[in-house]
1. For region 238-285, how many residues meet the condition of being within 16 Å of the ligand (Cβ to nearest atom) and either in a helix (DSSP H, G or I) or under 20 Å from Pro382 (Cα atoms) (or both)?
2. Quick one: what pairs do we get from region 133-153, first residue under 13 Å from Met197 (Cβ atoms) and at pLDDT 95 or above, second among the acidic types (Asp, Glu) and within 16 Å of the ligand (Cβ to nearest atom), C-beta under 8 Å, 6+ apart or different chains?
3. I'd like to verify a number: residues in region 252-293 that are acidic (Asp, Glu) and in contact with a helix residue (DSSP H, G or I) (Cβ under 7 Å, 6 or more places away or on another chain), how many?
4. If you check Ala88, Ala93, which single one turns out to be of a type in the set (Gly, Ala, Ser), surrounded by 18 or more Cβ atoms within 10 Å (Cβ to Cβ), under 27 Å from Glu396 (Cα atoms) and within 13 Å of the ligand (Cβ to nearest atom)?
5. Looking at region 303-320, which of its residues are over 12 Å from Ile281 (Cβ atoms) and either in a loop (DSSP other than H, G, I, E, B) or away from the ligand (no atom under 15 Å from the Cβ) (or both)?
6. Please specify each residue of region 141-158 satisfying the condition of being within 19 Å of Ala459 (Cα to Cα) and of a type in the set (A, V, I, L, M, F, W, C).
7. Go through region 103-125 residue by residue and tally those that are within 15 Å of Val193 (Cβ to Cβ) and either within 12 Å of the ligand (Cβ to nearest atom) or touching a Cys at 6+ places or on another chain (Cβ under 8 Å) (or both).
8. Six or more apart or on different chains, Cβ under 6 Å: which pairs go from a residue in region 158-186 that's under 22 Å from Asn375 (Cα atoms) to one that's charged (D, E, K, R) and within 16 Å of the ligand (Cβ to nearest atom)? Could you list them?
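The values are calculated or read from the model by the stated rules, or taken from the named source; none is laboratory data. Small disclaimer: the values here were computed from a predicted structure and weren't measured. Note that each Cβ is placed from the backbone with ideal geometry, even for glycine, and that neighbours are counted across all protein chains shown.
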Amino acid sequence: MASTNGAAQVLVASNRGPVSYTVGEDGSLDAKRGGGGLVSGLSAIGSDADALWVCSALSDGDREAVRRGVGEGGVRMLDIPADVHADAYNGVANSVLWFVHHMLYQTPLEPVFDAEFRRQWTSYERYNRAFAEALAEEAAQGATVVVQDYHLTLVPGMLRELRPDLRIGHFSHTPWAPPEYFRMLPDDVAGQVLRGMLGADRLGFLTRRWADAFVECAERFAGGVGGTRIGVHGLGADADFLRQRSHEKDVEERMAALREEIGEGRRTIVRVDRTELSKNIVRGLLAYRQLLDDHPEWRERVVHVAFAYPSRQDLAVYREYTAEVQRVSEEINAEYGTPGWTPVVLNLKDDFARSLAAYRLADVALVNPIRDGMNLVAKEVPVVSDAGCALVLSREAGAHEELGEDAITVNPYDVTGTAAALHEALSMGPEERAERAKRLAAAATALPPAQWFLDQLDALRAER
Ligand code: F6P
C-alpha cells in the first residue's frame, strides 16, 4: 500500500491516519478522508514533496485495503496483528498513558501494573517497533520524520538506532504530567517512554506548561533532555476553512433544524466534545442545572446544546461515561422541561456540519475540560459564531494560555463557579461579547494548521 520504497522526504507517523476504508456490498473499497489539524497541516506540504503518512490499519476495510495493496497515495497503513494493536492502543496508550498525561487516575483503585499490564507493554513495544521499521524502510537519506503522540513514544529512539541519518521529531497532543504524577508509572516503563522520546532531535508540545512538565520529568527520571530540543507550537484553528465550510448548504439546513429545537428568541449555550473522560461534560451539565436553580430567570429563555460524540467505545469506562452524560441530560429535562422548552438538547451522533451549525448559533461556548492538551473547540467557536459568542473556558485547557484574557475562566471541578460563569456569559452585553469574540478569534487563528506543521519541519531541519 503506497510504499515509497525509500524515497519519502517528509514522513508523519500516527496511530490514526488521514483516511479510512469501508468495504461496500459489492466488495468495492470506499475511502473516507478524516478531518482535524494534522490532516490539513500535512496537506500544506503538497503532493510533490515525497511525503508519506504511516498509520495503523484500524478497520476491516483498512486491513482489506492493505491486503489488496490498494489505497490512497501518500499513506501507508500498517496491518499490525489485532491483539497486539488492542493491547498497545486500548491497554497501554488509552488506559494508562492517556490517564497519566491527563492526571485522571482515580487512585487508590487505579492503576494496577500487574502481569497483564506487562504483557500489554510488550505489545506496545512491538507496535512501536512496527512503526519504526516501516519508517526506516520508507525514509530517504536525511529525511524528516514527525512522530505523533503517546501511542508512539518509543519510535524516535528505535528509529534513531535504525537510521541515524534522519531528522526525527515527536509531537505530543496531550498534556504532560508533572514528575509527582508521572512517577506513578513503573520506573522502567517511565524510563523507556522518556528515553524513547529523547531519541528525537526535537520534541514539540502544545503549550509551555506541558513542555516544562516534560523537561522536569526528563531531569528527574532520565538524567535530563541531553541534546534533544524542546519546542512549543500552539496549534490554531483554520479560519479560512471554517468560515467557508460553515456557510455551506448542509450547515445552513442543520441551523434551521436546530433553531426549531431551540425555540424562538432563546439563548444558546453550546458545547461540542468527544466523550473523553477529560472533557468534564457531566460537571458542565450539573453547572447548567445549578444555573437554572440559582437564576430561575433563565428558565425557558436558554437551551444547552450539548454534542457529545462517543469515542473509544471499546473501553468500558468510556461507555459508562457516555451513558452518564445521557442520564444526567435526561434528568435535567425531566426536572425542568416544560411542554414548549427542552432545557438540554443532547446529540451523540458525530456530525461535523451539525457542530458547525451549533457554533454559528452559539451565544455562549462552554469548554470546561479537567485537562486538555489544547482544545480546538475553544478556538473554533469564536471564529464561526455569527453574533460573536462568549467563551467559558477551563483554566486547565491548553488553549487557556492563549485565550485566557478574553474568556471567562473556570476551575473545572467548581460546578458552582461554572454556573456563575455561565450566568456572567449570558448576561454580557452584545458589544462586549462581539469585541471579545473578535480578539478571541484573532488569538485562536494565530498559528493555522499548515503553518503549525511547517514551523515544526523548519525547526527540525534548522537544528541538526
Ligand atoms: O484526546 C486527544 C487525543 O488523545 C489526541 O492526543 C489524539 O490525537 C487523539 O485524541 C486520538 O484519538 P483516537 O483514540 O480516537 O484515535
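1. 8
2. none
3. 1
4. Values: Ala88 fails: under 27 Å from Glu396 (Cα atoms).
Being of a type in the set (Gly, Ala, Ser), surrounded by 18 or more Cβ atoms within 10 Å (Cβ to Cβ), under 27 Å from Glu396 (Cα atoms) and within 13 Å of the ligand (Cβ to nearest atom) holds for just one of Ala88, Ala93, which is Ala93.
5. Matches in region 303-320: Val303, Val305, Arg312, Gln313, Asp314, Leu315, Ala316, Glu320.
6. Result: Ala143, Val145, Val146, Val147.
7. Matching residues across region 103-125 total 0.
8. His173/Asp149; Pro175/Arg371
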